[in-house]
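Peer 1: One structure coming up, written as structure tokens, with questions to follow.
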Amino acid sequence: MDEKQETRLAYEQYADVFEQKAASYLERYIKDDANQFLSLLPGRRVLDVGCGPGRDLEFFSRSGMAAVGVDNAQSMVDKCHGKGFRVYQMDLEHLTFEPDSFDGVWAYASLLHVPKCRFPSTLQEMMRVLDEEGIFYLGMKEGVGEVMKPSAGMGGQRRLFSFYSRQELETVLDQWCEILHFSSTVPASDDVFLNFLCRKKKVMTK
Ligand SMILES: C[S@@+](CC[C@H](N)C(=O)[O-])C[C@H]1O[C@@H](n2cnc3c(N)ncnc32)[C@H](O)[C@@H]1O
């Protein structure tokens, strides 16, 4: 089993545990950023990449957005369907949407499960489905390197975590986006999230 399959299995098996643990995250830590994301959107089409059990889809739907989610764990997709959200089981590294399909792409704590060597191509995939001058929100974990590790409450099932410095993320983002706002959140003492609100750069035509 490769690292993506192992990570998927953890979420398949422990969707309930994750849902409980992360239920209040948006409200407690990133509500201001989420409101800013909404206020900057040029339209209503929002994609939540790695949407998990649908916490942020609920926020977007309540805010009047036409929100769509993708997640590769079927148990997460099922949870979202149970709540009435439009969600597809899909690998975020290979989205099947047409180019320019969304006004906003929201990727909270999901691209941190992509191996670092594939982060630039994954980011490019986010930009492909984002309309010109669309808004992108990214939440990643601060640190160095990448590791397969078990998490408390997930029965020893391992997940891949990729860690970054703020500078490292800014360098990659800068190729496609203008960074409009940065914030960091510390939900646990050993967990620092680096959050970027960005606008996709206009393609220059000659
Ligand atoms: C830490 S959870 C974050 C969930 C949600 N965004 C949140 O902030 O609560 C990561 C989510 O990304 C999903 N995920 C991880 N790798 C993925 C991939 N390659 N394609 C699609 N979803 C993926 C997991 O199944 C999980 O639901």
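Peer 1: Determine ³J(HN,Hα), in whole Hz, for all residues of region 62-75 in sequence, where each value follows from phi through the Karplus function 6.51 cos²θ - 1.76 cosθ + 1.60 and θ = phi - 60°; x replaces Gly and Pro.
Peer 2: 4, 8, x, 7, 8, 9, 10, x, 9, 7, 8, 8, 4, 5
Peer 1: Could you sort out which of K31/K141; K83/K141; K21/K83; K149/K201; K21/K201 sit more than 24 Å apart by Cα distance in this structure?
Peer 2: Values: K31/K141 18 Å; K83/K141 28 Å; K21/K83 18 Å; K149/K201 36 Å; K21/K201 35 Å.
Among K31/K141; K83/K141; K21/K83; K149/K201; K21/K201, the Cα-Cα distance tops 24 Å for K83/K141; K149/K201; K21/K201.
Peer 1: Between V192 and E98, what length in nm is gained on full extension when 0.36 nm per residue of separation is reduced by their alpha carbon distance? All intermediate terms of the calculation are to be shown ahead of the outcome.
Peer 2: Working: separation 94, 0.36 × 94 = 33.84 nm, distance 3.36 nm.
Between V192 and E98, full extension yields an extra 30.5 nm.
Peer 1: For a quick check: with amide H placed at 1.01 Å from N, whose amide H comes under 5 Å from H181's, ignoring anything fewer than 5 positions away on the same chain?
Peer 2: L197
Peer 1: Could you tell me which of rounded, prolate or oblate describes region 36-169, using a ≥ b ≥ c as the square roots of the eigenvalues of the alpha-carbon gyration tensor, with rounded for a/c under 1.5 and, failing that, prolate when a/b is larger than b/c and oblate otherwise?
Peer 2: Working: a/c = 1.82, a/b = 1.25, b/c = 1.45.
Oblate, because a/c is 1.5 or more while a/b does not exceed b/c.
Peer 1: Also, I was wondering about something else. Give me a comma-separated list of calculated 3J(HN,Hα) values for region 153-160, in order, Karplus coefficients 6.51, -1.76, 1.60 applied at θ = phi - 60°, integers in Hz, x for any Gly or Pro.
Peer 2: Couplings: x, 10, x, x, 5, 8, 10, 7 Hz.
Peer 1: What is the magnitude of the charge dipole of the chain about its Cα centre, with +1 placed on the Cβ of each Lys and Arg, -1 on the Cβ of each Asp and Glu, and no other charges, expressed in debye to the nearest 20? If you can, show how the numbers build up before the last one.
Peer 2: Details: 25 positive and 31 negative charges, 32 e Å.
With Lys and Arg at +1 and Asp and Glu at -1, about 160 debye.
Peer 1: Most exposed first by the Cβ proxy, i.e. fewest other Cβ within 10 Å, how do M127, M90, M140 rank? The partial results should precede the final answer.
Peer 2: On the way: M127 20, M90 17, M140 26.
Fewest-to-most Cβ neighbours within 10 Å comes out as M90, M127, M140.
Peer 1: So how much slack lies between R166 and R118, counting 0.36 nm per residue of separation and subtracting their Cα-Cα distance, in nm? Present the calculation step by step, with values, prior to reporting the outcome.
Peer 2: Details: separation 48, 0.36 × 48 = 17.28 nm, distance 1.77 nm.
Gain on stretching R166 to R118: 15.5 nm.
Peer 1: Mind listing the Cα extents of region 92-206 along all three principal axes, in Å, largest one first?
Peer 2: Projected onto its principal axes, the Cα set of region 92-206 covers 53, 29, 22 Å.
Read the figures in this text as sums done on the coordinates, not as results from a lab. Values in this document were obtained by computation on a predicted structure and should not be read as measured data. No Cβ is skipped: glycine too gets one built from the backbone with ideal geometry, and neighbour counts run over all protein chains shown.
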